[in-house]
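What follows is a single structure, written as structure tokens, with notes after it.
The values are calculated or read from the model by the stated rules, or taken from the named source; none is laboratory data. A quick note: this is a predicted structure, and the numbers were derived from the prediction, not measured. Glycine gets a Cβ as well: all are built from the backbone with ideal geometry, and neighbour counts include every protein chain shown. Keep in mind that these areas ignore ligands, DNA and RNA; they rest on the heavy atoms of the full protein, side chains included. Shrake-Rupley method; radii C 1.70, N 1.55, O 1.52, S 1.80 Å.
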Amino acid sequence: MSRVQIAASILNADLGALREAVQEAERAGVDRIHLDIMDGHFVPNLTFGLATVEALRGVTKLPFDAHLMISNPSTWAPRYAAAGCQTVAIHVEAPERHAATLESIRSAGALAGLAADPGTPVDALSAFLAQLDFALVMTVKSGFGGQSYQPEAAARIPALRLLLGAARPIHVDGGIKAGTAADAVKQGADVLVAGTALFSAPEMGAAVASLRPKA
Ligand code: DX5
Ligand code: ZN
């Protein structure tokens, strides 16, 4: 992936007006829409699910990235691919057989990824390299938007890059804003996921631009 891409996490948008939130993010110039799916078990929060993603698919042509913070990804992951998500990330910490689930995401037509919370060493992904198209590095503990970026969690990225090689994108998610985006990019981020920084901004276009690396 040549230039750094910006993905808008709609978790902190107005959940009563998601269509408008996606349209606003597209107008603001984001490259992707990041969908935080939470089941209230794997993380202590419940957001939205497959029906919402299916309803939003027709709103934009931007790529959808499903971030599954759920305890049973094998059941659901391929269905998010079938719903039109270009990528689907499951958590390596989830109690399941990840190789088969990652293959099922690919068979359903999407890119397969593993997400790792800050406390998880990136070496946990090494057993699944044959099934991985990308990785999602969490720089906050998954479950809520509006948290503070953890630089030590981003410091894992160079080691992950050695594992993944240069061709597989690394998405970085959590606390990304004007003051932290540069560190994530310096560590090797290909995709910056931002929620609060975009949806709380007075002018989203400027907020998106503030995340992009300076030329
Ligand atoms: C947290 C989500 C993140 C988060 C990003 O579990 O995965 O996408 O919503 O939101 P901010 O940008 O507010 O940290
Ligand atoms: Zn996320």
Quiz prompt | Test result for Leu125, aliphatic (A, V, I, L, M), within 16 Å of ligand 1 (Cβ to nearest atom) and surrounded by 15 or more Cβ atoms within 10 Å (Cβ to Cβ) | solution = no
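Taking region 145-154, which residues are more than 6 Å from ligand 1 (Cβ to nearest atom) and open to solvent by 60 Å² or more (accessible area, probe 1.4 Å)? Write out each step before concluding.
Pass one, region 145-154, residues more than 6 Å from ligand 1 (Cβ to nearest atom): 148-154.
Across region 145-154, the qualifying residues are Ser148, Pro151, Glu152.
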Per the filter on region 172-194, residues within 16 Å of ligand 2 (Cβ to nearest atom), closer than 18 Å to Gln150 by Cβ, touching a residue at least 60 places away in the same chain (Cβ under 8 Å) and open to solvent by 10 Å² or more (accessible area, probe 1.4 Å) are Asp173
Over region 75-110, the set of residues in contact with a His (Cβ under 8 Å, 6 or more places away or on another chain) and surrounded by fewer than 22 Cβ atoms within 10 Å (Cβ to Cβ) is Val92
Next item on the list: Could you tell me whether Ala28 is within 16 Å of ligand 1 (Cβ to nearest atom), at pLDDT 95 or above, in contact with a helix residue (DSSP H, G or I) (Cβ under 6 Å, 6 or more places away or on another chain) and open to solvent by 10 Å² or more (accessible area, probe 1.4 Å)?
Entry: yes
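Just to be sure I understand, how many residues within region 33-70 are of a type in the set (Gly, Ala, Ser) and under 17 Å from the mean Cα position of the chain (by Cα)?
Of the residues in region 33-70, the ones of a type in the set (Gly, Ala, Ser) are 40, 49, 51, 55, 58, 66.
Next, from what is left, pick out any that are under 17 Å from the mean Cα position of the chain (by Cα): 49, 66.
Residues flagged as of a type in the set (Gly, Ala, Ser) and under 17 Å from the mean Cα position of the chain (by Cα) within region 33-70 amount to 2.
Conditions (1) over 23 Å from Ala28 (Cα atoms); (2) of a type in the set (S, T, N, Q), marked per residue:
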| residue | (1), (2) |
| --- | --- |
| Gly145 | no, no |
| Pro151 | yes, no |
| Arg156 | yes, no |
| Ala159 | yes, no |
| His171 | no, no |
| Gln187 | yes, yes |
| Asp190 | no, no |
Within region 188-215, restricting to residues that are assigned to a loop (DSSP other than H, G, I, E, B) and under 24 Å from Ala130 (Cα atoms), the one that is farthest from the chain's Cα centre (by Cα) is Gly188
